[in-house]
Amino acid sequence: MISNFSRHAVGAAAFSFLALSAHAQTTGAAPAPSLKEVTVTGNPLGAADLIAPTETLQGDTLLLRSRSTLGETLDGVPGVSSSYFGPNASRPIIRGQDGDRIRILQNGGSAPDASALSYDHAVPVDALVTDRIEVLRGPSALQYGGSAVGGVVNVIDNRIPTEPLNGFGGRADVGYATGSREKSGGVVFEGGNDRYALHVDAFDRKSDDVRVPIDLECERPGSPGLARRICNSQNSARGGAVGGTLFFDRGWIGASASTYRSDYGTVAEDEVTIGMKSDRYALEGEWRPGGFFTSIHTKFGHTDYRHTEFEGSEVGTTFATMSNDLRIEARHQKIGNLEGMIGFSSESSRFSADGEEAFAPHSRTRANALFLHEELATSWGRMSFGARTEQVKVESLGYPNDLSITRFTTGQRDFNPHSAALGALVNLTPQWQLTSNLAYTERAPKDYELFANGPHVATAAWEVGDASLEKERSIGFDVGAQWKNGPNNARVNAYVTRFRNYIGLNATGAQRDEAGDVVTDPAVEDTLAEYSYGGVRARFTGLEASGNLRLLGNEGFAAMERSGTLDLQWRGDLVRATNTDTGEPLPRISPVRVGAALAYGDGPWTARFGFDRYSAQQRVPADGTRETAGYTLWNAALAYRMKVTGATLTWYARLDNITNQLAYSATSILTTTVYPAAPLPGRSIKVGLRANF
């Protein structure tokens, strides 16, 4: 049934794009209307007030906090931490959940890679060519499936322009950071008219080993042996894209091709490097036919991802993923005060891991889903409702390249996850809003959770899947309050999520040798602890808060003689995650965090000075996870903006970890596997220039 479902879906997508192309060729030269910018993750209907807790980073805010990885760029956003595997690989962790419970999107569509499979696998995204990053926390992201139960991160780069462009423009960035001797640069160029739009971007980033506050050993050939740098943390990344859009009176159609290349060291092993490439081709279009369906939006993408691990100059293990993804959203006209959309998504991927350290088999996964999102406007606010039903097929193909390797079983599992969510927004006063979200979510196990059986260096474990795993089920509840009065605002959200059959790695107590045999003799060396995937009951509870208080200047506590302003920006969060079967804490959970910054602005000048305080994390399970000490990281930034012959130049300097504090991340697997080999980076100054033209 699934294969027929997929064929009909692909046929429908092809028909839609052919219809769009034919219509574009026959329409006249009437100007295309300006299309409204839609926050894809926060609200598919483009509402200004969002029921779901959402954060957006763009412009100078994104410029001044961007790092070399997506996880570190978002670390510190309320509710968001990082899986930090050194400076080259990290994924966002949202409300204590990571891996395949966090969905990473590009422009609202799937962005397949292998970063959820292993902590040392990087996300092929660079902030140098990113326009905006949206973070959706909590249970209301079910339109993107069970893999978004923790939240969604949407990276928006406008590689397929969705609005007509008047003239030509773009931006260019250059930067240098002392902590890793990083040299970076990127350029984005866009142009067009009412009928055509073109986008071109390119970036390059190179860095050496990252400076830290303590001496660390390094066995890499040519290294000094002992230095205040993280051994094998160098990186070289580059990439770019070209895309274009054709607009017509009832819609638009566009396409893009992009590439990402990275060669970086993995800090768990001094001589292992990773060569990664990702090529992606995308089609996207929108048709506004009128009638009951006011718009039909279609996205199709094809991704070719390959990741090769090198041990010195020799090829070790190669991971590859070939995937296709399709998404169709049809928005209907208002029925009274009710508006909404229905949609269909289809994703298929073929995964392979080849080499001595392949811990997962070749596999094939297909997933098809129908979903809807509806919103009802009321006299007191809004209500939302969403539902999703999926068909997921996961098939293990074993190890076809070498039939002598028999540790992987073959087989197939079929799942039918179902999810539903209900949300409400209440306008108490012009300044106060209350929000609430309730969701029931089901997630199908991933291929490696079902069929893994091999050594995984990143986790320092022999991982074993369980082909009998059932769906992961959860109920999540979120309640929030928001106050806004001019430049002053405050937000707080509290949440609880209860899982039945929360799938994770659990220590079995056994040891395995290089051949995978169970070892009972404690004198045998070079063994790995055995961890198996299994389901437990779990509970996540937490609190997030943030706000801004105008201290001086317009609408502040005191007036200033000049036009400058001084704001106090504050934030904090906490999360508790418990295995309710055993009463033990779950591993790698962020400790209590608070932070604040003074932000000053006066004409072309802006300045910030603040801190982030991380409490000690002593709530750890008895599986070898180490406790981490508390620490405070101080930071500062200064920027100056000027106009030069049609361009706006922003000069900036950022000082991170001012006191050169030694710190270890509680959310990093490295605190268990190779501690203390990879602390957080030490003091670093980054200077840069952005030109908008």
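Residue by residue, here is whether (1) farther than 19 Å from G79 by Cβ; (2) surrounded by fewer than 24 Cβ atoms within 10 Å (Cβ to Cβ) holds:
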site	(1), (2)
R101	no, no
L105	no, yes
A114	yes, yes
Y119	yes, no
A122	yes, no
G145	yes, no
G151	no, no
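Per-residue answers, yes or no, for (1) β-branched (V, I, T); (2) in contact with a helix residue (DSSP H, G or I) (Cβ under 9 Å, 6 or more places away or on another chain); (3) farther than 19 Å from Y84 by Cβ:
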site	(1), (2), (3)
N579	no, no, yes
G601	no, no, yes
A607	no, no, yes
R613	no, no, no
D623	no, yes, yes
T645	yes, no, yes
I669	yes, yes, no
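Count of the range 289-305 residues, restricted to those that are among the basic types (K, R) and either modelled with pLDDT under 95 or surrounded by fewer than 15 Cβ atoms within 10 Å (Cβ to Cβ) (or both), is 0.
Mind checking which strands (runs of 3 or more DSSP E) fall wholly inside the range 265-350 and carry at least 3 residues that are out of contact with any Ser or Thr (no Cβ under 6 Å at 6 or more places or on another chain) and in contact (Cβ under 8 Å) with a residue 60 or more places away in the chain? It would help to see each step written out before you state the result.
Numbers: elements: 272-287, 293-311, 314-335.
Answer list for the range 265-350: 272-287, 293-311.
If you go through the range 523-555 and keep only what is more than 30 Å from D513 (Cα to Cα), surrounded by 18 or more Cβ atoms within 10 Å (Cβ to Cβ) and modelled with pLDDT under 95, you end up with just G553.
Is it the case, given these coordinates, that M383 is over 23 Å from the mean Cα position of the chain (by Cα), crowded, with 17+ Cβ neighbours inside 10 Å and under 26 Å from E286 (Cβ atoms)?
Working: over 23 Å from the mean Cα position of the chain (by Cα): yes; crowded, with 17+ Cβ neighbours inside 10 Å: yes; under 26 Å from E286 (Cβ atoms): no.
Criteria not met by M383.
For the range 408-465, a residue qualifies if it is in contact (Cβ under 8 Å) with a residue 40 or more places away in the chain and assigned to a loop (DSSP other than H, G, I, E, B), and the qualifying residues are F408, T409, T410, P417, Q431, A444, P445, K446, A452, A460, G465. Which one is farthest from L50 (Cα to Cα) among residues in the range 126-140 that are touching a helix residue (DSSP H, G or I) at 6+ places or on another chain (Cβ under 9 Å) and surrounded by fewer than 23 Cβ atoms within 10 Å (Cβ to Cβ)? My answer is D131. Restricting attention to the range 581-611, which residues are part of a loop (DSSP other than H, G, I, E, B) and surrounded by 15 or more Cβ atoms within 10 Å (Cβ to Cβ)? Correct list: E584, L586, P587, R588, I589, S590, P591, V592.
Being on the phi < 0 side of the Ramachandran plot, modelled with pLDDT of 95 or more and aromatic (F, W, Y), is that true of even one residue in the range 595-605? Within the range 595-605 (the criterion being on the phi < 0 side of the Ramachandran plot, modelled with pLDDT of 95 or more and aromatic (F, W, Y)), the answer is yes, since at least one residue qualifies.
Evaluation of A577 against the conditions (1) closer than 20 Å to P604 by Cα; (2) modelled with pLDDT of 95 or more shows that the sole unmet condition is (1).
Exactly one residue out of V174, V188, V242 is buried (at least 22 other Cβ atoms within 10 Å of the Cβ) and touching a residue at least 40 places away in the same chain (Cβ under 8 Å), and it is V188. For the criterion of being hydroxyl-bearing (S, T, Y), buried (at least 22 other Cβ atoms within 10 Å of the Cβ) and touching a Pro at 6+ places or on another chain (Cβ under 7 Å), S256 fails. When the range 419-455 is filtered for residues that are under 23 Å from A515 (Cα atoms) and more than 23 Å from the chain's Cα centre (by Cα), the ones remaining, listed by number, are L450, F451, A452, N453, G454, P455. Does any residue of the range 279-290 turn out to be closer than 28 Å to A691 by Cβ, within 25 Å of the chain's Cα centre (by Cα) and among the hydrophobic types (A, V, I, L, M, F, W, C)? Yes: the range 279-290 contains one or more residues that are closer than 28 Å to A691 by Cβ, within 25 Å of the chain's Cα centre (by Cα) and among the hydrophobic types (A, V, I, L, M, F, W, C).
Does the range 410-418 contain at least one residue that is surrounded by fewer than 17 Cβ atoms within 10 Å (Cβ to Cβ), acidic (D, E) and either at pLDDT 95 or above or more than 24 Å from the chain's Cα centre (by Cα) (or both)?
Step one: filter the range 410-418 for residues surrounded by fewer than 17 Cβ atoms within 10 Å (Cβ to Cβ), giving 410-412, 414, 416, 418.
Filter again for acidic (D, E), leaving 414.
Add one more test, that the residue is either at pLDDT 95 or above or more than 24 Å from the chain's Cα centre (by Cα) (or both), and what stays is 414.
Yes, the range 410-418 has at least one match.
Out of the range 191-204, which residues are surrounded by fewer than 22 Cβ atoms within 10 Å (Cβ to Cβ) and in contact (Cβ under 8 Å) with a residue 60 or more places away in the chain? Working first, answer last.
Going residue by residue through the range 191-204, those that are surrounded by fewer than 22 Cβ atoms within 10 Å (Cβ to Cβ) are 191-196, 198, 200, 202-204.
Listed by number, the residues that qualify are D194, R195, A202, F203.
R103 meets the conditions (1) free of Cβ contacts under 8 Å to residues at least 60 places away in the same chain; (2) in a loop (DSSP other than H, G, I, E, B) in every case but one. The failed one is (2). Do we find a residue being within 25 Å of the chain's Cα centre (by Cα), at pLDDT 95 or above and not in a loop (DSSP other than H, G, I, E, B) anywhere in the range 247-254? Yes, some residue in the range 247-254 is within 25 Å of the chain's Cα centre (by Cα), at pLDDT 95 or above and not in a loop (DSSP other than H, G, I, E, B). Of all positions in the range 352-375, at least one carries a residue that is surrounded by fewer than 16 Cβ atoms within 10 Å (Cβ to Cβ) and out of contact with any strand residue (DSSP E or B) (no Cβ under 6 Å at 6 or more places or on another chain).
The values are calculated or read from the model by the stated rules, or taken from the named source; none is laboratory data. Remember, predicted model here, so these are calculated numbers, not experimental data. Don't worry about glycine lacking a Cβ; one is built from the backbone with ideal geometry, like all the others, and counts go over all protein chains shown.
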